[in-house]
1. Kindly state, to the nearest 0.05, the FRET efficiency for residue 89 paired with residue 39, given R0 = 25 Å and r defined as their beta-carbon distance.
2. Taking 0.36 nm per residue of sequence separation and subtracting the Cα-Cα distance, how much length would be gained by fully extending the chain between residue 98 and residue 27, in nm to one decimal?
Amino acid sequence: MLQIDPVLPAPVQDKMTRSLDTSDQLSAPDAKVLEDIKRVGWHTLGVSPSPGEDGPHWAFSVGLYHTFGHPEVIVLGLPVRTCQELANVIGNHVKDGTRYRADNDYP
C-alpha cells in the first residue's frame, strides 16, 4: 500500500527559476519540457550510454517538485523506454496524491 505523506510542501511555483509562460527564446526541446510541465505537470527525459560506452539506461522527471511539491524521480537499470514509462507511472501517482518517501519500500 502506498503512503500519503502530508509533511511534504505544497507546490512551489514561486521558486521556479523560469516562468512556464516564457518559452519564446528557448530551443524546441527546452520549450517542449516547459509545455509538458504546464500541460501534464512534469516531463520525463531518457538517457542512454553513448555508442561504445558502458553504463545504465536511465530516465528522470522534471517538474514534479514545481507542480506538486514532490521530489523528482530517477529510474535506472532497465531499457530507457521502460525507465521513462515507470517515471511517468510514478508521476501519475503523484498527480493523484501519492507521496513517495525514501525510507519506504514500494512493491
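1. Working: r = 18 Å, r/R0 = 0.70.
After rounding to 0.05, the efficiency reads 0.90.
2. Working: separation 71, 0.36 × 71 = 25.56 nm, distance 3.28 nm.
Taking residue 98 through residue 27 to full extension adds about 22.3 nm, to one decimal.
Where a number appears in this text, it was derived from the coordinates with a stated rule and is not lab data. No experiment lies behind these values; they were computed from the predicted model shown. So basically every Cβ, Gly included, is an ideal-geometry build from the backbone, and we count neighbours across all protein chains shown.
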